[in-house]
1. Could you tell me which numbered condition B:Trp208 fails, if it satisfies all but one of (1) within 12 Å of chain C (Cβ to nearest Cβ); (2) within 18 Å of B:Tyr169 (Cβ to Cβ)?
2. Inside the range B:161-182, can you point out the residues that are open to solvent by less than 20 Å² (accessible area, probe 1.4 Å), away from every other protein chain (no Cβ under 13 Å) and either acidic (Asp, Glu) or under 14 Å from the mean Cα position of the chain (by Cα) (or both)?
3. Any idea how many residues of the range C:8-23 are more than 12 Å from A:Pro104 (Cβ to Cβ), facing another protein chain (nearest Cβ under 8 Å) and either touching a residue at least 12 places away in the same chain (Cβ under 8 Å) or surrounded by fewer than 17 Cβ atoms within 10 Å (Cβ to Cβ) (or both)?
4. Look at C:Ala359 and say whether it is more than 29 Å from C:Leu400 (Cβ to Cβ) and in a strand (DSSP E or B).
5. Starting from the range A:6-18, keep only residues that are free of Cβ contacts under 8 Å to residues at least 60 places away in the same chain and assigned by TED's automatic domain parsing to the domain that holds A:Ala64, then list their pairs with residues that are assigned to a strand (DSSP E or B) and open to solvent by 70 Å² or more (accessible area, probe 1.4 Å) whose Cβ atoms are within a distance under 9 Å, requiring at least 6 positions of separation or different chains.
6. Does B:Asp232 meet the test of being without any contact (Cβ under 8 Å) to a residue 12 or more places away in the chain and closer than 25 Å to C:Pro779 by Cβ?
Amino acid sequence: MKLTMHVNGREVTGEAEGRTLLSAFLRDALGLTGTHIGCDTSQCGACTVHVDGRQVKSCTMFAAEAEGAQVTTIEGMENADGSLSVIQQAFQDHHGLQCGFCTPGMVMAAAALLRDIPQPTEAQIRAHLDGNICRCTGYHNIVKAILAASGQPVAMAAE
Amino acid sequence: MYNFDFVKPATVEEALAALSDEDAQPLSGGQTLIPSMKQRLNAPSKLVSLLGIAALKGVKTSGDVMEIGATTTHAEVAAQATAYPALAALAGAIGDPAVRNRGTLGGSLANNDPAACYPAAVLASGATVVTSGREIAADDFFDGMFTTALDDGEIVTAVKFPIPQAAAYVKFEQPASRFPLCGVFVAKYADGVRVAVTGASEEGVFRWTEAEAALSADFSAGALTDLSLPADGMMTDLHGSAEYRAHLVKVLTGRAVSAAA
Amino acid sequence: MPKDGIGASVKRREDPRFLTGRGRYTDDINLKGQAHVHFLRADVAHAVLNGIDTAEAAAMPGVLRIFTATDFAAVGGLPCGWQITDRHGQPMQEPKHPIMAEGKIRHVGEILAAVVAESVEQARDAAEAIVVDYEELPAVIDMKAACAEGAVKVHDDLASNLCYDWGFVEENKAAVDEAFASAAHVTTLELVNNRLVANPMEPRVAIGDYALHDDSSTLYTTSQNPHVIRLLMGAFVLGIPEHKLRVVAPDVGGGFGTKIFHYAEEAFCTFAAKQLRRPVKWTSTRSEAFISDAHGRDHVTKIELALDGDNNFTALRTDTYANMGAYLSTFAPSVPTWLHGTLMAGNYRTPLIYVNVKAVFTNTVPVDAYRGAGRPEATFQLERVVDKAARELGVDPAELRRQNFIRKDEFPYATPVAVEYDTGDYEATLNKALEMSDYAGFDTRRQESAGRGKLRGIGLSHYIEACGIAPSNLVGQLGARAGLYESATVRVNATGGIVVMTGSHSHGQGHETSFPQVIADMIGIAPDQVEIVHGDTANTPMGMGTYGSRSIAVGGSAMVRATEKIIAKAKKIAAHLMEAAEADIELKDGAFTVAGTDKSVAWGDVTLAAYVPHNYPLDEIEPGLEETAFYDPANFTYPSGCYICEVEVDPDTGQVEVQSFTAADDFGNVINPMIVEGQVHGGVGQGIGQALLENCVYDADGQLLSASYMDYAMPRARDLPMINVDHSCCTPCTHNPLGVKGCGEAGAIGSPPALVNAVIDALQRAGTDVGHIDMPLSPDRVWAAMNA
């Protein structure tokens, strides 16, 4: 079947089967490989994108369900001039990523959180990341980055 | 996964017609169905998405009853079920934020995972499950692990929850899946207290009637002191023995009562 | 010194591509005409394999070819890179490790057949039509049972399931036994170091490609060490000379050890691509990763500590069973031996030590290095038994440690287990951690917890690790079949910019940022004038890759040595340009000056002269400015530190919550503190994971029960606290040019015993007599121990 949706503000059309997951559609049909696949039981969150403004796991949604929807992926998160958005910049400033594989999902989850709760507590941040697994950072600097992105004061790394 | 035809009807009638095909299955949020299809444990010839049916969505309260459409997501229930705070809180803690944006009440009930949260709320509330053809009392709906009273081709359309005087849900998470290793929903009504337990039993969600009797007489955690739940029939797995689960049921029931009271 | 040089928390230059979805991981690569492979894997642990019928499957839509073991008859098995010699001077038993099961199935997940098709789903459809004729055998899972007389054998052609029985140091055994016989006190502990799955978030991927025009093969793979894969696969498995084989490991999404090893899937894709003349791609699912990635840890140990009447440690004796799984993975035999036995002295002056390790074959996935590799197992035993001794003797665990530390003025210190620590100051990290964690104020916090019905405990651990792996001549004597140097080529371009081709490989460690800081310091130019190239055998010198906290200590040292050669040559050129004596030339802030004069020539003028040698001492030196160095370390490095963990236990549920975690490390000199701190956070996260959550469990039939994230508990954000880290206690390494020790594994090594000690502390303060609980300290286990 032919699917049409709006991805990162642009209308796109691509071929899909019934079983085509949104993650596969983004990666294979559209070449948006920033959306990653880290598990097959819907737990790691590396594939997190926004559909109609809501955070979802693109590996646990059929592409056909996104027909006509507004989809935002990590490739659509930077500022219009190509600079890093506030959240992305905070992840770099606070070393909130190491291998980078979970990072797109973390950024998408953080963006959804900050839209709902502009100034989350540490506990709210940790709870919101329930569906996003990172193996590198111990989450310490991810939590810091999200706090910083929300405008709350955090210490910088040692100099 | 195996391929299938995808259809997305706009009305319940169209959905039922589509589901009349052999091996057709309804698809709601897909948060359990899709992972099982990836493992090729499930091979529908056709998936009928219910998410295009506007009538199945939404939270309405009239008097003492809250009616929630089957395809209302956990996140929507968490935000909108303000008249039943314990239910809203339960919905707001299922899975993780992404799961809550896709997973639905109807999907959870039709699947009846023995460790799902919603069945505890439905059973403890004495809710009524409304389907495409009838109304089913909660006590008659759940029929053991992954089994319900639903017939082939019958779909859940809504659930009617009588709103209790006081209620709370407390769960203890399995450390890997974060499903409840045990979850207890306690609801106090004018005619008595209902206690439903998920995650613990080999038979799926169940009512702890001894606790209900004790709590109906005295709605306090202390009323449970002399009770104990036998380990027989409780699940044993990597994450906890039957004895441990039976113990947790009591601990969590006490905590739920304290939270509700 | 440039402000972004050594010691500065320079932000990572690799981050923008990862933060915008523009990383290039192996699965992001799709080659023209590529086919896909699905591996049919064993779903039983032990069976005689009578035959595989692929006829029906081969005729299914999209199928290009189905491979079985017979296709690999002329191909070698996967090689093991380390040979252990046992207590009796005999080499270890070393079974063939075939690409696909030959005649027998030996673990769930072993490859039986490979279906190559136009699409992954077609390959998977066809795999379901393959008929496997097998006869199931009883599985051998428990290590002690596997060693019993008459046990079912994993390998029929071996004498037993015992890979080796290693004694270390064998000559010390009698003296150790004697010391125990005369000890004033002996503390004994039996414990399990739980089996883990490394679980980098990026599953493994391999893409084989073959070019007919020049008969060359390329493998894209998720590897920590592409040159090692090229050597092992080319020379030992497929017989492809290295000049016809290129291995590329692009952006790699974490490794933690499990991406060191050469795997069957890599060899398969390379082999099949040549057979089919099409690229062949394999992307592991997470479920597949659980039954095909090498696992980690899995030791069962009895440890005994002897003390004299003054609480001095007099001897240590251990008896360990180490699981090898069904086959020997690349470096498996070295992990429980040289990476474990040599660390049993820990931070202490224990004069007599004897370590016995029995490595055992079982019907499980092969076990190999996972973050720390052997050193976490050593540290866990030692720090648990020291803690238990302190409790038995009624002394403060911190003070018992302090009393037995190797003292600051005793370095270099030769331990009784064959290594010489170059430097350290263990009291400094102990004092730092006690201060940071407010050890003295614990009781107030405990009372506050008690007021909320929670049991609070505090636990500490000290660790030492041998990093900067490794001196080649030493490891050669110990059985390594490879050198463990590292390499770097420093290429200075005509206008002064620099490209460093390193044999190290970054899969999260930030080399692209930290390596340029070193060169920036040496030359006095901005780090952004330096680019790091890694991960491709076609454009990097032969190097051994990244593991064992070795990149900065060994790879960084190679880069320093190459840069020193560059500077020496540049000085010659500068001397010529300024008509001065070479001995008078100084390099500072990116300019060459003649000492005692105001003559100066900029870095860029010298580099330009090297490539446009119009005014150049051509009779003395060659044009160009490019140097390579291979650095072989003189010794291991010995990072050390003190970790303190504080927990609360819920007595009603057994739930353990980590309240605070403190890490005071001595990493020697530090290049980029921000990155170093991140490494500790991550290591501690994995250590807390091991201690509290993670467990790889087989049932008696060899079925993996914890086969997905539904049952294998990965640490999540809610499970971990903010981690309080410090690396100000610094005793620089004495034998490498940067004075660095390495920081990648420390967190995973030091944290599990600190956490377990804290839980035991909480339970004992609450009046229970719980002396030990095996990891993970999951709620059901803690509750069961409290209610035993």
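The values are calculated or read from the model by the stated rules, or taken from the named source; none is laboratory data. Here the structure is a predicted model, which is why all the values come from computation and not from measurement. Positions of Cβ are generated from backbone atoms using ideal geometry, with glycine treated the same way; all protein chains shown enter the neighbour counts. These accessible areas exclude ligands, DNA and RNA; they are computed on the full protein's heavy atoms, side chains included. Shrake-Rupley method; radii C 1.70, N 1.55, O 1.52, S 1.80 Å.
1. That leaves (1) as the condition not met.
2. Residue satisfying the conditions is B:Phe161 alone.
3. Residues in the range C:8-23 being more than 12 Å from A:Pro104 (Cβ to Cβ), facing another protein chain (nearest Cβ under 8 Å) and either touching a residue at least 12 places away in the same chain (Cβ under 8 Å) or surrounded by fewer than 17 Cβ atoms within 10 Å (Cβ to Cβ) (or both): 5 in total.
4. Yes; evaluated as a whole, the condition is true for this residue.
5. If the second residue must be assigned to a strand (DSSP E or B) and open to solvent by 70 Å² or more (accessible area, probe 1.4 Å), the pairs left are A:Thr13/A:Lys2; A:Gly14/A:Lys2; A:Glu15/A:Lys2; A:Ala16/A:Lys2; A:Gly18/B:Asp5.
6. Yes; evaluated as a whole, the condition is true for this residue.
Residue-by-condition table, conditions (1) acidic (Asp, Glu); (2) buried (at least 24 other Cβ atoms within 10 Å of the Cβ); (3) under 12 Å from the mean Cα position of the chain (by Cα):
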{"site": "B:Glu76", "(1), (2), (3)": "yes, no, no"}
{"site": "B:Tyr84", "(1), (2), (3)": "no, yes, no"}
{"site": "B:Gly106", "(1), (2), (3)": "no, yes, yes"}
{"site": "B:Asn111", "(1), (2), (3)": "no, no, yes"}
{"site": "B:Ala121", "(1), (2), (3)": "no, yes, yes"}
{"site": "B:Ser125", "(1), (2), (3)": "no, yes, yes"}
{"site": "B:Glu135", "(1), (2), (3)": "yes, no, no"}
{"site": "B:Asp139", "(1), (2), (3)": "yes, no, no"}
{"site": "B:Gly144", "(1), (2), (3)": "no, no, no"}
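Here is a yes/no grid of residues against (1) touching a helix residue (DSSP H, G or I) at 6+ places or on another chain (Cβ under 9 Å); (2) open to solvent by 10 Å² or more (accessible area, probe 1.4 Å); (3) of a type in the set (Gly, Ala, Ser); (4) more than 20 Å from C:Arg124 (Cα to Cα):
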{"site": "C:Lys259", "(1), (2), (3), (4)": "no, no, no, yes"}
{"site": "C:Tyr263", "(1), (2), (3), (4)": "yes, yes, no, yes"}
{"site": "C:Thr283", "(1), (2), (3), (4)": "yes, yes, no, no"}
{"site": "C:Arg286", "(1), (2), (3), (4)": "no, no, no, no"}
{"site": "C:Phe290", "(1), (2), (3), (4)": "no, no, no, no"}
{"site": "C:Leu305", "(1), (2), (3), (4)": "yes, no, no, yes"}
{"site": "C:Gly309", "(1), (2), (3), (4)": "no, yes, yes, yes"}
